[in-house]
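Below is one structure; the comments refer to it alone.
Just so you know, all these numbers are worked out from the coordinates, no wet-lab data involved. This one's a predicted model, so the numbers in the text were calculated from it and none came from an experiment. For neighbour counting, all protein chains shown are included, and Cβ atoms are generated from backbone atoms with ideal geometry for every residue, glycine included.
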């Protein structure tokens, strides 16, 4: 399994609540409609005293293989997803961290 990880920022004219509402209720179904997606995770930063989050959210999209991701990126559903990003993501998101990773998981015994 591989996943893409993206740090998201909201449009400057949206509140955090508006951003998260769109991300959860409009954008998530678009992600789940894409071919070959195995799992989708939305992470919301917590407010912690003395720390400021560098983004408004972190998205993880899981695939079986890099080839599955590449096939998805060529799909019309992916084009629809990208078109929706301007509805709630800020310009900084276009320059955001986007990586494709594999995981090694270590379980506490």
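Remarks
- Nearest-0.05 FRET efficiency for residue 49 and residue 15, computed from C-beta distance (R0 25 Å): 0.70
- Surface/4 estimate of mean projected area, convex hull on alpha-carbon atoms of the chain, nm²: 8.3
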